[in-house]
Amino acid sequence: MLNNIRIVLVDTSHPGNIGAAARAMKNMCLSQMHLVTPHHYPSEEATSRASGADDLLANAIVHNSLDEALTGCRLVVGTSARPRTISWPVLSPRNAATKLTDEAALGEVALVFGREKSGLSNSELDRCNFLVHIPTNEAYSSLNLGAAVQVLSYEIYLASMLELNSPSEIPRDLATAEMMQGFHEHLTQALDDVGFTDPRQSERLLRRLRSLFQRARPDKDEINILRGILSAMQGGKSMRR
Ligand code: SAH
């Protein structure tokens, strides 16, 4: 089940942090590392900081985009060093770990970490169903990337031991990250086509709608129904990919 949990590092600047993350993951029995546009990789510094977890580095998959790294995932949890203002639901590390392990029993899931300097962008957070924030000193809330991977990997490992005894999720065939992204693009287009929004002026509205559907966790049939409605609104025009 832990093999279904992807740790995704976005746009990492320092190769040492990639090595530290690999070590933290291996300590906690996680193995699936995905790197989105790392600045320096492969790198000797990453290998030396991984100290014995270089098998994880060797198997890490490098992607050109976050969407590519999330392909096939039924649940995406993003990390945030700050409590956010917009309506992304924020989970505690313990609750996030329970959700991730519950759903990893049913399919692929991802936990996404941001850049050292600026974290995850809003459009990257848009891909997430939930956010997780590690509680900290409010005046100094940003952990080193490798340390954040360590804390959350530990919580996932603990949750996985409890999960073996009592899975709490009822299996549902949830829409994958790329189906959700296709739906959001279709929704944006359809609302524009019927004159409800102008994409240049409705960023906030679209972000709220996105957050509503990301939170609702629709299954594949529900997404197909919603896309059928959108196509009908557009006069039968289909954007299905
Ligand atoms: N200045 C950035 C901090 C980035 S820290 C910002 O304000 O967003 C680099 C990464 O480490 C973050 O993107 C996140 O993935 C992780 N991280 C650091 N502190 C964290 C915290 N308190 N909770 C959750 N993730 C954290």
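Net charge around A53, counting only other residues with Cβ within less than 12 Å of its Cβ (Lys, Arg = +1; Asp, Glu = -1)?
In short, +1.
Per-residue counts of other Cβ atoms within 10 Å, averaged by peptide: what ranking do you get for 102-112, 48-58, highest first?
102-112, 48-58
Carbon and sulfur: what percent of the chain's accessible surface (1.4 Å probe)?
Accessible surface attributable to carbon and sulfur in the chain totals 52 percent.
Distance in nm between label sites at I170 and T136, each 7 Å beyond Cα in the beta-carbon direction?
3.9
Kirkwood Rh and Cα-based Rg: tell me the resulting Rg over Rh for segment 2-161, rounded to two decimals.
Radius of gyration over Kirkwood radius for segment 2-161 works out to 0.93.
At a probe radius of 1.4 Å, what is the per-residue accessible area of M1, in Å² to the nearest 10?
Counting only protein heavy atoms, the figure is 70 Å².
What fraction of the DSSP beta bridges in the chain is antiparallel, stated in percent and rounded to the nearest 5?
10
Heavy-atom accessible area of E222 with all protein chains present, probe 1.4 Å, nearest 10 Å²?
80
In whole Å and largest first, what semi-axes does the C-alpha gyration tensor of segment 58-100 yield when each eigenvalue is scaled by 5 and square-rooted?
In descending order the semi-axes read 23, 14, 11 Å.
Per residue, how much accessible area does the chain show when a 1.4 Å probe rolls over the protein heavy atoms, in square angstrom?
So the chain comes to 49 Å² accessible per residue, rounded to a whole number.
Below 8 Å between Cα atoms, with a sequence gap of 6+, how large is the relative contact order for segment 177-240 in percent?
Worked out over segment 177-240, it gives 50 percent.
Kindly rank 191-198, 17-24 from highest to lowest mean number of other beta carbons found within 10 Å of each residue.
Top to bottom by mean Cβ count within 10 Å: 17-24, 191-198.
Rg and Dmax of segment 177-240, using alpha carbons, in Å: what are they?
Over segment 177-240's Cα set, Rg and Dmax evaluate to 11.3, 31 Å.
The values are calculated or read from the model by the stated rules, or taken from the named source; none is laboratory data. Values in this document were obtained by computation on a predicted structure and should not be read as measured data. All Cβ positions, glycine included, derive from the backbone under ideal geometry; neighbour counts span all protein chains shown. Ligands, DNA and RNA are stripped out before the accessible areas are found, and what is left, the full protein with its side chains, is counted by its heavy atoms. Shrake-Rupley method; radii C 1.70, N 1.55, O 1.52, S 1.80 Å.
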